[in-house]
Amino acid sequence: MKENSLNSSNTMALPVKRLARLLPVVWLAGCSSITPTWLGGSQDSTTAAAVESPAPATCRLLERQGRLRVALQDARGKWGLEPAVAMALLEPPLGGEHKRHVLPYGNAWDEYRIAQSNWSATTDNIDDAVDFLGWGGERNRQMLQLDIAQVDALYLAYRLGPGAYSQGVHRGIWIEKEAERVAERAARYSNELQQCPELVEPSRFEWQRLWSWW
């Protein structure tokens, strides 16, 4: 009877011993399916996706400059003036206080005030300045048959007047190079504004004007 009891104990112990030897193998197999974080696992990819690239400088500027933003929206809706073109035509720095935002030729500013019945308009008011650019740009485009994409030509007509531009007085002098720089600025602004188009869409809600005081 004692011998049968020993045989029974040995028979039960054998599977236990085999199971004990298999446990490390099973554990290692399970670990092999887990990618360590230091090897670039899912945690790193999730963290990388959460990190956003900073907004372009033009977008950050318009987020801060509420009055400029609304003026650009209004001119786009009223005159079809592209915000990037308006920003390139304005005198830098954009949105600065107590400065002339535009440099009209001759009596162009008086013509604008009469045409728009905006008698109190001043060149140091950003709303008036951008509206003037829209008005003048539309007039010059019609008079000179210019395309909206001809930013250099729009700048020359704005600074010299449509008559002087049509006579070609700009050729070979400094302002021709300046017109090229203005066109380059407009292209840069346009490219950056593609990252924040909602900032320059024509204003649909009057309460957006409250942003200009922020």
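Here are some notes:
- Matching residues, the range 167-188, being acidic (Asp, Glu) and over 18 Å from the mean Cα position of the chain (by Cα): Glu176, Glu178, Glu180
- Sole exception among (1) in contact with a Lys or Arg (Cβ under 9 Å, 6 or more places away or on another chain); (2) under 18 Å from Ala108 (Cβ atoms) for Leu160, by number: (1)
- Trp109 vs. criteria farther than 20 Å from Gly77 by Cα, crowded, with 16+ Cβ neighbours inside 10 Å and aromatic (Phe, Trp, Tyr): yes
- The residue list Glu138, Glu63 contains one member that is assigned by TED's automatic domain parsing to the domain that holds Cys196, in a helix (DSSP H, G or I) and either hydrophobic (A, V, I, L, M, F, W, C) or farther than 16 Å from Tyr189 by Cα (or both), which is Glu138.
- Number of positions in the range 66-114 that are part of a helix (DSSP H, G or I) and either under 16 Å from Asp131 (Cβ atoms) or not assigned by TED's automatic domain parsing to the domain that holds Tyr165 (or both): 25
- Lone unmet requirement of (1) out of contact with any helix residue (DSSP H, G or I) (no Cβ under 6 Å at 6 or more places or on another chain); (2) modelled with pLDDT under 95 for Ile175: (2)
- Residue within the range 141-151 that is part of a helix (DSSP H, G or I), in the same structural domain as Arg188 (by TED's automatic domain parsing) and closer than 24 Å to Glu198 by Cβ present: yes
The values are calculated or read from the model by the stated rules, or taken from the named source; none is laboratory data. Small disclaimer: the values here were computed from a predicted structure and weren't measured. FYI the Cβ positions are ideal-geometry reconstructions off the backbone, even for glycines, and counts take in every protein chain you see.
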